[in-house]
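K.L.:
Handing you a structure now.
The values are calculated or read from the model by the stated rules, or taken from the named source; none is laboratory data. It should be emphasised that the depicted structure is a prediction, and the values quoted were computed from it without experimental measurement. Here the Cβ positions follow ideal geometry from the backbone for every residue, glycine too, while neighbour counts run over all protein chains shown. These area figures cover heavy atoms from the full protein model, side chains too; ligands, DNA and RNA do not enter into them. Shrake-Rupley method; radii C 1.70, N 1.55, O 1.52, S 1.80 Å.
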Amino acid sequence: MKSLRAALVTVALLQTSLAFLFGKEFYDKTLTQKLSLNPGTSESLLLPFNTTRVPGSVSSAKLQSFIRKHFEALQSDWLIEPMQFTENNVNFANLVFTLGRNASSYLMLAAHYDSKKSPVGFIGATDSAASCAILLYISEFVDSIQNEISVGLDELYWEESRGLKIVFFDGEEALDTWTPEDSIYGAKNLASLWEKDGTIQKIEAMVLLDLLGSKDNVTVPSYFEQSDMMYRKLADIKEQNADKLPFKQNLLNVSERKFLEAKRIFVEDDHIPFWKYGIPVLHLIPIPFPSYWHTKEDDFSNLDESKIRTWAILLCELVYDILD
Ligand SMILES: [Zn+2]
């Protein structure tokens with residue numbers, strides 16, 4: 001088993017194969033349409049999220065089925081696990097998709113798909129519809145290059161390799177007012193299940209996407225020393241391919257080091273239970289939050305699709321590098 005952190009150090013030092021994938025047809029053909037706000041006749045990974053997604057609701061169930069069907073249509077052998085549970089009389093469902101079911105370790109990518117109960121009609125375009133669409137895109141990308149990264153080969157191979165877990169959390173938002181008890185229902189449930197079955201030991205790193213894709217000029221700092229290598233890798237990819245990326249301005253704020261140096265959690269989110277287990281967390285959430293955070297203005301008219309596409313490209317590159 002390769003150590004993820006050791007691998008990242010090597011990558012950062014050698015600057016190997018950065019932008020290897022930028023010439024790939026995959027981006028040109030599909031990225032623009034699939035993550036566009038006006039996809040025309042092509043299949044959209046983004047627009048199905050333009051709905052309320054309150055836990056236990058009919059629209060949440062419809063969206064779960066959309067996400068599930070996306071993975072069922074992929075070519076590789078994805079393990080599909082809807083994980084339902086009930087708490088406070090609400091039915092929640094995390095959706096977990098695993099590539100490499102016998103892998104010895106995993107990179108975990110996650111976002112929450114639920115939306116806030118109030119204000120009524122709240123969409124949560126940045127919170128976190130756009131992040132979920134990016135995860136769907138990454139899954140398709142990994143699926144499409146499976147031979148290059150040895151994904152989808154026989155199980156024997158996987159036993160010595162790193163797999164990928166993509167998680168869509170339910171119940172990130174508070175049902176009433178945010179407290180440690182009334183929030184991140186899905187993340188707490190999954191972390192405790194994974195502690196019991198030993199999966200938690202196999203999670204080498206977690207990348208959590210939240211509040212991405214806003215039209216506001218907000219950037220993401222590095223929050224944790226344990227994931228700073230991954231953060232800087234993303235920043236390198238952004239900088240070295242600035243002319244090729246759809247969004248030219250900054251997405252990351254590399255000079256902001258105060259969160260990282262404080263060595264504690266500033267932004268409460270789905271990573272908390274995993275961070276408590278010592279898993280390195282790359283938390284991709286801007287500070288400040290978008291100005292319309294938790295208001296009805298967090299709708300699809302306030303998304304910037306060039307930002308969403310740029311995040312998707314950067315994360316595909318990062319995932320490729322880690323799994324390769
Ligand atoms: Zn929120």
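K.L.:
I need to check one value: relative contact order of the chain, counting alpha carbon pairs closer than 8 Å and at least 6 residues apart, in percent.
P.N.:
Across the chain, relative contact order equals 23 percent.
K.L.:
A further question on this structure: Report the net charge of residues surrounding Ser118, where surrounding means a beta-carbon distance below 14 angstrom and charges are Lys +1, Arg +1, Asp -1, Glu -1.
P.N.:
Computed value for this residue: -2.
K.L.:
Write down, largest first, the equivalent ellipsoid semi-axes of the chain in whole Å, where each equals the square root of 5 times an eigenvalue of the alpha-carbon gyration tensor.
P.N.:
26, 23, 21
K.L.:
To the nearest 20 debye, what is the magnitude of the charge dipole of the stretch 4-323 about its Cα centre, counting +1 on the Cβ of each Lys and Arg and -1 on the Cβ of each Asp and Glu?
P.N.:
340 debye
K.L.:
Could you state the principal axis extents of the C-alpha atoms in the stretch 170-266, from the largest down, to the nearest angstrom?
P.N.:
So the extents along the principal axes, rounded to whole Å, are 45, 33, 28.
K.L.:
Then there's this: Working with all protein chains in place, sort Phe97, Phe85 by solvent-accessible area computed with a 1.4 Å probe, largest first.
P.N.:
From most accessible down to least: Phe85, Phe97.
K.L.:
Could you check the simple spin-label distance between Ser59 and Leu37, using points 7 Å along Cα→Cβ, in nm with one decimal?
P.N.:
1.8 nm
K.L.:
Among Pro180, Leu35, Ala242, pick out the residue whose Cα is farthest towards the positive end of the charge dipole of the chain, where Lys and Arg carry +1 and Asp and Glu carry -1 on C-beta, about the Cα centre.
P.N.:
Ala242
K.L.:
Which three extents, in whole angstrom, do the alpha-carbon atoms of the stretch 218-290 cover along their principal axes, largest first?
P.N.:
39, 25, 20
K.L.:
Further, regarding this structure: Per-residue accessible area for Asp243 at 1.4 Å probe radius, Å² rounded to 10?
P.N.:
Probe radius 1.4 Å; accessible area of Asp243 about 120 Å².
K.L.:
Could you name the aspartates and glutamates whose alpha carbon sits less than 15 Å from that of Lys34, not counting residues in the same chain fewer than 8 places away?
P.N.:
Glu25, Glu43, Glu140, Asp304, Glu305
K.L.:
In nanometres, what is the gap between the two model label sites at Ile287 and Lys215, each 7 Å from Cα along Cα-to-Cβ?
P.N.:
2.7 nm
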